[in-house]
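Structure, as structure tokens:
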Ligand code: GTP
């Protein structure tokens with residue numbers, strides 16, 4: 001296929017607007033998957049995807065389509081659906097020249113539609129709006145079309161209205177892709193240049209990379225170099241996703257395919273990296289940045305003896321998910337453990353679930369934090385990924401400023417929730433930039449919010465205050481100075497480093513009191529009195545106490561039934577297992593960390 005008969009495109013949509021369903025229909029239409037088996041096959045694949053978390057992206061596929069007597073190679077490039085992976089979305093969009101913007105016309109434009117549109121627009125892609133779910137009774141084609149026109153200034157005169165589910169109108173999609181998406185500008189005679197935009201770990205062959213071939217071609221046995229790491233690899237296998245890995249003799253300029261290079265872990269496959277032929281360096285693709293962790297949390301074995309076991313489990317899991325960063329750390333309270341870095345909170349939740357399955361002992365996960373920057377008077381900066389390392393004392397003589405990461409948030413919701421949404425964002429230190437009506441009844445607001453504020457209960461609140469009608473998406477916008485302070489929790493007068501947290505000064509007293517109260521509710525009584533104190537910058541702001549219990553758990557048996565006695569003793573033992581002894585013999589349940597995670 002010469003470049004002029006190749007089209008590289010993606011489908012972007014808000015979650016549940018029908019991206020996977022449309023992808024299936026297109027694969028069926030082109031005979032890439034058969035009609036009867038297709039649904040099952042692709043759904044099965046999706047289930048595995050769900051089970052394995054969200055990092056496996058199975059839907060990138062090539063198809064051949066005959067249009068006006070000519071065969072075209074159409075490459076559908078899948079993009080991760082969640083905002084946590086926005087850098088990866090932008091890299092996979094960089095591998096396309098056009099995109100189908102799919103909007104459910106019962107729901108209209110949602111926050112993710114807007115975020116995805118601007119990402120595609122920024123990449124200079126041609127954008128084909130398509131309305132989906134026209135078979136449903138709630139479908140409002142007119143209104144959704146107008147929303148698309150006002151919000152994105154797209155021409156809607158030839159817009160397709162389809163039902164990806166029943167197949168109505170779907171036949172019109174591929175001709176539009178061929179006519180509106182430009183062929184890749186690829187030079188078949190230039191030296192090989194390829195963009196790495198996705199990868200996964202296969203237990204038999206190692207890492208499989210998805211590569212968009214911009215110039216030249218690639219064959220089995222070729223030796224290529226990663227521009228980012230400088231490592232050289234030999235191509236041991238390559239081909240196209242049709243829809244599964246199908247070996248070919250070469251990948252030509254303009255094509256998209258899989259390449260196996262004998263990489264041992266996906267850590268070597270940097271999304272956005274450029275490959276070139278050995279001894280023939282080329283200009284790297286612009287915009288490369290390694291995936292950045294924006295959410296950090298400690299991960300400790302409940303039982304110190306399990307440290308190595310935990311490390312092995314982490315090693316196995318990160319083989320397939322290089323976007324999780326792992327660093328050793330030690331805590332006074334919790335001993336030896338790890339600081340894990342994630343792309344966002346969903347990424348963190350999924351990884352923790354997988355870790356729980358992979359590693360059958362209990363781990364203690366500390367509350368998540370964003371990375372803060374401390375700027376010193378001498379101009380040096382330090383990134384703090386663990387609140388325990390945050391400077392304790394106010395007006396620290398060497399500290400010039402603290403900086404926190406911020407995001408630009410987009411909210412879309414029915415107009416009656418305007419007040420509730422402004423309250424919510426205000427309470428989370430949001431700054432309103434702009435609000436517009438995307439139609440008579442729906443509002444779109446743009447806010448700048450500190451990233452730490454959306455880590456906790458923001459999203460749940462957003463949904464519950466609007467009965468689920470609001471949608472939210474964000475992009476990172478860099479660091480801003482902020483008046484931040486550290487809260488320390490003291491148990492029996494000893495600070496517990498693993499419970500330290502960083503908050504804005506205006507929230508500090510409230511959060512400190514709230515945390516002390518919440519800790520009290522989840523901690524067990526012990527043989528001695530426990531005092532819980534919370535300190536803001538070393539100033540104690542509150543105190544709670546838990547009264548002691550009597551020592552002998554069997555006392556109430558009055559020397560009676562021995563089996564009852566044993567049972568009680570066992571229960572005490574089992575109860576103990578789930579506790580971690582921290583400062584001064586005080587025992588802390590895992591629950592303590594969980595409760596504190598639930599927001600300020
Ligand atoms: P994620 O994979 O969760 O991001 O969603 P998605 O955008 O891929 O949506 P998916 O294709 O999984 O569709 C979501 C739901 O909408 C499924 O239950 C589909 O069966 C349904 N759906 C998709 N297209 C249509 C349509 O045209 N009409 C109707 N009635 N339902 C549809």
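The values are calculated or read from the model by the stated rules, or taken from the named source; none is laboratory data. It should be emphasised that the depicted structure is a prediction, and the values quoted were computed from it without experimental measurement. Cβ atoms come from the backbone with ideal geometry, glycine included; neighbour counts cover every protein chain shown.
Quick one: in region 1-22, of everything that is under 18 Å from residue 182 (Cα atoms) and in a strand (DSSP E or B), which residue is farthest from the ligand (Cβ to nearest atom)? Steps first, answer last, please.
Residues of region 1-22 that are under 18 Å from residue 182 (Cα atoms), as a first pass: 1-12.
Pick out the ones that are also in a strand (DSSP E or B) and you get 6-12.
On the way: 6: 24, 7: 21, 8: 19, 9: 16, 10: 12, 11: 8, 12: 9 Å.
Within region 1-22, the match that is farthest from the ligand (Cβ to nearest atom) is 6.
On the given criteria, is residue 175 away from the ligand (no atom under 16 Å from the Cβ), in a loop (DSSP other than H, G, I, E, B), in contact with a strand residue (DSSP E or B) (Cβ under 7 Å, 6 or more places away or on another chain) and in contact (Cβ under 8 Å) with a residue 40 or more places away in the chain? If you could, list the steps in order and put the result at the bottom.
Values: away from the ligand (no atom under 16 Å from the Cβ): yes; in a loop (DSSP other than H, G, I, E, B): no; in contact with a strand residue (DSSP E or B) (Cβ under 7 Å, 6 or more places away or on another chain): yes; in contact (Cβ under 8 Å) with a residue 40 or more places away in the chain: yes.
In short, no.
So, in region 383-399, how many residues would count as being at pLDDT 90 or above and over 20 Å from residue 498 (Cα atoms)? Outline the logic, then answer.
Pass one, region 383-399, residues at pLDDT 90 or above: 383-390.
Applying the additional criterion that residues be over 20 Å from residue 498 (Cα atoms) yields none.
Selection size over region 383-399: 0.
Give, as residue ranges, the strands (runs of 3 or more DSSP E) completely inside region 249-338 that count at least 2 residues that are within 30 Å of residue 581 (Cα to Cα). Even if it seems obvious, please write down each step before you answer.
Working: elements: 250-252, 256-260, 274-277, 295-301, 325-331.
The strands (runs of 3 or more DSSP E) meeting that bar are 295-301, 325-331.
Rundown of residues vs (1) in contact with a strand residue (DSSP E or B) (Cβ under 6 Å, 6 or more places away or on another chain); (2) at pLDDT 95 or above; (3) assigned to a helix (DSSP H, G or I); (4) within 16 Å of the ligand (Cβ to nearest atom), yes/no style:
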| site | (1), (2), (3), (4) |
| --- | --- |
| 112 | yes, no, yes, yes |
| 120 | yes, no, yes, yes |
| 131 | yes, yes, no, yes |
| 135 | no, yes, no, yes |
| 138 | no, no, no, yes |
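Tell me, yes or no, whether region 179-190 has at least one residue that is out of contact with any strand residue (DSSP E or B) (no Cβ under 8 Å at 6 or more places or on another chain) and either within 15 Å of the ligand (Cβ to nearest atom) or farther than 30 Å from residue 216 by Cα (or both).
Looking through region 179-190, none of the residues is out of contact with any strand residue (DSSP E or B) (no Cβ under 8 Å at 6 or more places or on another chain) and either within 15 Å of the ligand (Cβ to nearest atom) or farther than 30 Å from residue 216 by Cα (or both).
For region 77-88, what are the residues that are within 20 Å of residue 26 (Cβ to Cβ) and within 13 Å of the ligand (Cβ to nearest atom)? Show your work before the answer.
To start, the set of residues in region 77-88 that are within 20 Å of residue 26 (Cβ to Cβ) comprises 77-81.
Within region 77-88, 78, 79, 80, 81 qualify.
In region 140-162, how many residues are under 29 Å from the mean Cα position of the chain (by Cα) and within 16 Å of the ligand (Cβ to nearest atom)?
Result for region 140-162: 1.
Keeping to region 146-172, report how many residues are touching a residue at least 24 places away in the same chain (Cβ under 8 Å), assigned to a helix (DSSP H, G or I) and farther than 22 Å from residue 67 by Cβ.
From region 146-172, those touching a residue at least 24 places away in the same chain (Cβ under 8 Å) are 146-148, 150-152, 154, 156, 159-171; that's our starting set.
Within this subset, residues satisfying the condition of being assigned to a helix (DSSP H, G or I) are 146-148, 150-152, 170-171.
Restricting the remaining residues to those that are farther than 22 Å from residue 67 by Cβ gives 146-148, 150-152.
So the answer is 6.
Kindly establish whether residue 225 is surrounded by fewer than 22 Cβ atoms within 10 Å (Cβ to Cβ) and modelled with pLDDT of 95 or more. Working first, answer last.
Values: surrounded by fewer than 22 Cβ atoms within 10 Å (Cβ to Cβ): yes; modelled with pLDDT of 95 or more: yes.
So residue 225 passes the test.
For every residue, the table says whether it meets (1) in contact (Cβ under 8 Å) with a residue 60 or more places away in the chain; (2) touching a helix residue (DSSP H, G or I) at 6+ places or on another chain (Cβ under 8 Å); (3) assigned to a strand (DSSP E or B); (4) surrounded by fewer than 16 Cβ atoms within 10 Å (Cβ to Cβ).
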position	(1), (2), (3), (4)
445	no, yes, yes, no
449	no, yes, yes, no
474	yes, yes, yes, no
498	yes, yes, no, no
515	yes, yes, no, no
520	no, no, no, yes
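Do we have residue 292 as exposed (fewer than 14 other Cβ atoms within 10 Å of the Cβ) and either under 30 Å from residue 501 (Cβ atoms) or free of Cβ contacts under 8 Å to residues at least 24 places away in the same chain (or both) here? Quick ask: steps written out before the conclusion?
Numbers: exposed (fewer than 14 other Cβ atoms within 10 Å of the Cβ): yes; either under 30 Å from residue 501 (Cβ atoms) or free of Cβ contacts under 8 Å to residues at least 24 places away in the same chain (or both): yes.
For residue 292, the condition - exposed (fewer than 14 other Cβ atoms within 10 Å of the Cβ) and either under 30 Å from residue 501 (Cβ atoms) or free of Cβ contacts under 8 Å to residues at least 24 places away in the same chain (or both) - is met.
Which of the residues spanning region 177-190 are at pLDDT below 95 and surrounded by fewer than 16 Cβ atoms within 10 Å (Cβ to Cβ)?
185, 187, 188, 189, 190, listed by residue number.
Six or more apart or on different chains, Cβ atoms under 8 Å: show the pairs whose first residue is in region 341-357 and surrounded by fewer than 15 Cβ atoms within 10 Å (Cβ to Cβ) and whose second is modelled with pLDDT under 85.
353/53
Quick one: is residue 413 assigned to a strand (DSSP E or B) and farther than 30 Å from residue 380 by Cβ? Step through it out loud before you land on a result.
On the way: assigned to a strand (DSSP E or B): yes; farther than 30 Å from residue 380 by Cβ: yes.
Criteria met by residue 413.
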